[in-house]
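The values are calculated or read from the model by the stated rules, or taken from the named source; none is laboratory data. All values reported here derive from a predicted model rather than from experimental measurement. Here Cβ is always computed from backbone atoms with ideal geometry, including for glycine, and neighbour counts include all displayed protein chains.
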Amino acid sequence: MAIRALTVEQHEQVVARLVGLAGRVESLPGHATGIEYTSLMTCFLFHNMSCAKAILALHQSMGADSFPTSAGYGLVRSLFEADVTAHYISAEPLERSKRYIDFVHVLNKREMDACAKHRTSKNDSWREGMQLAWNAHWAPREEEVNRRYAAVLPKFQKTDRKGKVSEYRNWSGKDIRTMAAEVDHEEAYDVFYSFLSSFAHADIHLADRFLRVGPAGPKWSMRADEFDVGNVFRYAATFLTCFLDLVGAQFQTWSERDTRSCWDTDGA
């Protein structure tokens with residue numbers, strides 16, 4: 001696919017075509033690896049379609065002048081994370097799918113322990129709220145949560161050089177950058193993801209894009225810099241294409257030629 005400059009409208013058309021391509025399939029066919037992998041890829045597919053549709057709907061309803069670009073950047077950041085995670089799982093679909101799914105028991109344990117901890121909060125509202133949550137949700141499940149957590153914990157532990165055992169922070173034990181590098185997405189991480197993360201973390205890029213200083217002082221503007229709206233659609237189209245290429249290859253739903261045809265704006 002030759003690289004060429006597209007307008008905002010053309011990138012928006014690409015995203016719409018990619019959504020339309022994926023929309024032809026109501027559900028993914030079963031993969032030989034098993035139901036776990038099929039289920040996860042289905043989840044990532046519909047999540048990514050939801051993000052793309054949200055970006056399209058925001059632009060169509062609010063227009064370029066009022067398009068909430070910070071929200072758009074957050075959505076395409078999630079597209080990238082889903083794409084990297086799907087590629088990483090696909091490298092070892094059976095083992096990694098099961099590991100991804102089993103990590104829910106670690107998350108449940110962390111949530112339960114956090115609720116239990118703050119039942120003794122010094123803040124009356126927090127203490128009362130956490131007690132209500134404990135009684136209604138966690139108390140009936142405490143034994144089950146602890147049992148399931150103990151069963152999967154060995155999968156999510158590591159031992160350092162000094163023999164200290166610690167628990168993984170996430171399901172893979174790796175950060176998104178490491179996973180991205182392992183699935184040939186390092187350039188996209190370094191160039192795109194770090195920038196997109198600025199809007200999730202509300203760092204100075206947020207102010208650079210949306211804060212205007214005039215004679216009367218600082219003023220928030222919904223209108224972003226000139227290229228930001230185009231960037232949202234460009235990133236969305238790029239990440240979505242990469243993800244759909246993977247799905248098409250894994251489930252024989254569409255070809256790479258089909259996804260590339262979505263970029264054909266000649267005559268559009």
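Here are the numbers for the structure shown:
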read-out	value
Subset of the stretch 57-106 that is over 16 Å from ALA180 (Cα atoms) and among the hydroxyl-bearing types (Ser, Thr, Tyr) - its residue that is surrounded by the most Cβ atoms within 10 Å (Cβ to Cβ)	TYR73
Residue in the stretch 155-176 that is aliphatic (A, V, I, L, M) and in a helix (DSSP H, G or I) present	yes
Conditions (1) among the charged types (D, E, K, R); (2) within 29 Å of the chain's Cα centre (by Cα); (3) outside the structural domain of VAL247 (by TED's automatic domain parsing): number failed by ARG147	(2)
Failed item, numbered, when GLU12 is tested on (1) out of contact with any His (no Cβ under 7 Å at 6 or more places or on another chain); (2) over 15 Å from VAL247 (Cα atoms)	(1)
The stretch 210-246, subset out of contact with any Leu (no Cβ under 9 Å at 6 or more places or on another chain), among the aliphatic types (A, V, I, L, M) and at pLDDT below 95, residue farthest from LEU196 (Cα to Cα)	ALA216
Close pairs from the stretch 120-133: first surrounded by 15 or more Cβ atoms within 10 Å (Cβ to Cβ), partner in a helix (DSSP H, G or I), Cβ under 7 Å, at least 6 apart	MET130/CYS115; MET130/HIS118; MET130/ARG119; GLN131/ARG119; ALA133/CYS115
Filter result for HIS137 (more than 18 Å from SER97 (Cα to Cα) and surrounded by 14 or more Cβ atoms within 10 Å (Cβ to Cβ))	no
